[in-house]
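Trainee: First the structure, then my questions, so here it is.
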Amino acid sequence: MLSRRHTLLTRLLRAYKLLLGSLLLLIWIGSLVYFFQWERGEMRQSSLAMVNVVATQSSAALMFGDIQVLRENLASIKDLEGLRWGVIVPTAVDLPLPVVRYLAAPDDPGRLLARMGAEQVQMGFREMLIRAPITHLGSVRGQVVILVDLGEEIERLFRVAISTLILLGIGFYLGLALFSRIVRSIVAPLDELVGIATGVANQARAEAVLENLPRPVAEFGDEVGKLAEAFNLMLDSIIRRDQQMHTQALRLEQLVEDLRSLSARMRAVREEERTRISHEIHDELGQRLTSLKFEVARLAPGDSGRPVAGQIDELIRVVRVISWELRPSVLDSLGLVAAIEWQAQDFARRMNIRCSVDLPEGELDVPAEMATDLFRIFQELLTNISRHAEARRVDVILEATDTAIHLEVKDDGRGIELRDQARPSLGLLGMRERLERWGGIIDIGPANPDAEASGTRTAIVIPLARAKPVEIQEPTR
């Protein structure tokens with residue numbers, strides 16, 4: 001009767017009807033039984049008292065055989081409620097008197113006396129038989145017997161029961177309406193929660209594009225069951241969305257790895273191409289310009305050939321600068337330490353900035369690719385200083401420990417702020433991409449935090465455990 005497939009409101013209302021209805025019915029029945037017994041007891045007491053009075057008054061008349069007085073005494077109980085008949089039965093052998101009857105008394109009252117035996121009152125559902133002995137000088141001389149009908153009392157009690165039942169019914173339904181209102185106010189937030197959770201679950205199901213997600217079967221139809229169904233649907237949606245996001249994250253990770261591989265490959269190809277172009281410009285163009293200079297000197301000796309020879313010298317110088325910018329030959333011939341020292345001196349000469357270097361005495365035993373990346377990072381740092389720092393002094397420290405290679409570049413310029421580091425910068429991104437290949441890190445901060453013009457300090461660390469670069473793979477297709 002009370003099933004979880006019904007709503008909580010329905011189950012509470014059914015429980016109210018069942019429990020309160022049963023309670024009121026039991027109270028109603030118990031009250032009827034109690035009042036019926038109480039009314040019977042009252043009638044019994046009043047009837048018994050009147051019969052005893054008649055018996056007392058009839059003692060002398062019975063001894064003298066005064067039938068008229070006996071009839072008058074018996075008729076005195078005519079106002080007794082429910083009286084059907086009454087008799088006075090002489091029981092003494094020495095009193096040959098007839099039975100005195102009132103109303104429709106039975107012809108043989110002796111049988112009634114025999115049936116009652118020693119009982120003074122014999123009660124049935126609809127009638128009550130009462131007797132009282134008539135005594136004289138301590139001996140029983142006769143009996144007064146009456147029969148009281150309880151039909152009117154039962155009918156009155158029945159009418160009272162109907163009226164009471166109607167009142168109880170009215171009170172029951174009024175209470176049901178009040179209880180329903182109270183329960184609705186209690187269940188209303190739960191209904192709202194169910195509606196919100198169901199809406200969120202359906203929206204999550206739609207947004208997650210869960211075509212293959214089976215809709216959970218509702219085991220219960222009440223608010224708690226619906227809420228559990230909505231939560232299950234949201235949980236399934238979250239799980240499926242997590243799976244989709246995990247798949248997308250894997251794809252994005254693979255894409256980032258491909259982009260890194262592509263970027264590393266492009267840098268490697270660019271360095272190879274710059275090296276090749278630098279060698280061709282330096283060797284081919286430089287040699288041809290030198291030959292041209294000798295040929296001009298041979299064909300136009302003296303002052304006539306000097307302007308052309310000067311222009312050829314300037315052109316040779318420009319070719320050397322371009323070749324050096326493309327790929328410093330000192331990096332390939334003498335190594336990283338010499339290349340950094342030369343670059344620092346050239347930077348100090350061109351920018352008129354004092355540049356102090358602290359370098360290892362010998363050459364570092366690092367792969368050529370690492371040396372190229374470190375040199376390019378150093379070039380980018382000097383470029384940033386020349387553009388933004390407004391510095392007067394730059395300190396460069398390069399050292400190698402047993403575990404890592406450290407490069408530190410520090411200036412006394414205007415410094416760099418946190419918001420500047422957060423801005424997207426192709427130069428900083430390029431440095432980090434180069435270091436990513438070797439597992440290195442870069443730290444940029446103030447050179448002197450206590451000073452107003454703190455300058456900038458850039459520290460680079462590459463662990464020697466990554467002396468070999470990450471293999472450059474072809475991007476996946």
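Trainee: Need one word for the range 75-116: rounded, prolate or oblate. Basis is the Cα gyration tensor (sqrt eigenvalues a ≥ b ≥ c); a/c below 1.5 gives rounded, then a/b vs b/c decides.
Mentor: The shape class here is prolate.
Trainee: Using Cβ contacts closer than 10 Å as the measure, can you line up Ser237, Ser291 from fewest to most?
Mentor: Details: Ser237 21, Ser291 10.
Fewest to most other Cβ atoms nearby, the residues stand as Ser291, Ser237.
Trainee: Quick check: pseudo-label points 7 Å beyond the Cα along Cα→Cβ at Val200 and Leu262, how many nm apart are they?
Mentor: The answer from the label model is 4.0 nm.
Trainee: Further, regarding this structure: Suppose each label sits 7 Å from its Cα in the direction of the beta carbon; what would the Gln68-Arg111 distance come out to in nanometres?
Mentor: Output for this residue pair reads 3.4 nm.
Trainee: Between Leu426 and Glu314, what's the calculated FRET efficiency when r is the beta-carbon distance and R0 is 25 Å? Round to 0.05.
Mentor: 0.15
Trainee: Gain in length, Phe231 to Phe158, computed as 0.36 nm per residue apart minus the alpha-carbon separation, to one decimal in nm?
Mentor: 20.6 nm is the gain from fully extending Phe231 to Phe158.
Trainee: Roughly how many Å is it from the Cα centre of the range 88-162 to that of the range 369-412, as a whole number?
Mentor: Cα centroid to Cα centroid, the span is 133 Å.
Trainee: Between Thr135 and residues 5 or more places away or on another chain, which pairs have amide H atoms under 5 Å apart, with H built 1.01 Å from N, and which residues are they?
Mentor: Close amide H contacts, sequence-distant or interchain: Arg141.
Trainee: Subtract the Cα-Cα distance of His136 and Gln248 from 0.36 nm times their separation in residues, and report this length gain in nm to one decimal.
Mentor: 28.5 nm
Trainee: Please report the net charge: other residues with Cβ closer than 13 Å to the Cβ of Met128, K and R +1, D and E -1.
Mentor: -3
Trainee: Follow-up question, since we're still on this one. Sort Asp149, Asp365, Asp236 by Cβ crowding within 10 Å, fewest neighbours at the top.
Mentor: Asp365, Asp149, Asp236
Trainee: Taking the Cβ of each residue in Leu97, Leu336 as the centre, tally the other Cβ atoms inside 10 Å and list the residues starting with the fewest. Walk me through the numbers before you get to the answer.
Mentor: Numbers: Leu97 18, Leu336 24.
Lowest to highest Cβ neighbour count: Leu97, Leu336.
Trainee: Distance in nm between label sites at Leu193 and Asp149, each 7 Å beyond Cα in the beta-carbon direction?
Mentor: Spacing of the two 7 Å Cα→Cβ label points: 6.7 nm.
Trainee: Once you have a ≥ b ≥ c as the square roots of the Cα gyration tensor eigenvalues for the range 45-186, tell me rounded if a/c is under 1.5, and otherwise prolate or oblate according to whether a/b is larger than b/c.
Mentor: prolate
Trainee: Here is a follow-up. So what's the net charge close to Met116: Lys and Arg +1, Asp and Glu -1, counting the other residues with Cβ under 15 Å from its Cβ?
Mentor: +1
Read the figures in this text as sums done on the coordinates, not as results from a lab. All values derive from a computational prediction rather than experimental measurement. Cβ coordinates were reconstructed from backbone atoms using ideal geometry, including for glycine residues, and neighbour counts include every protein chain displayed.
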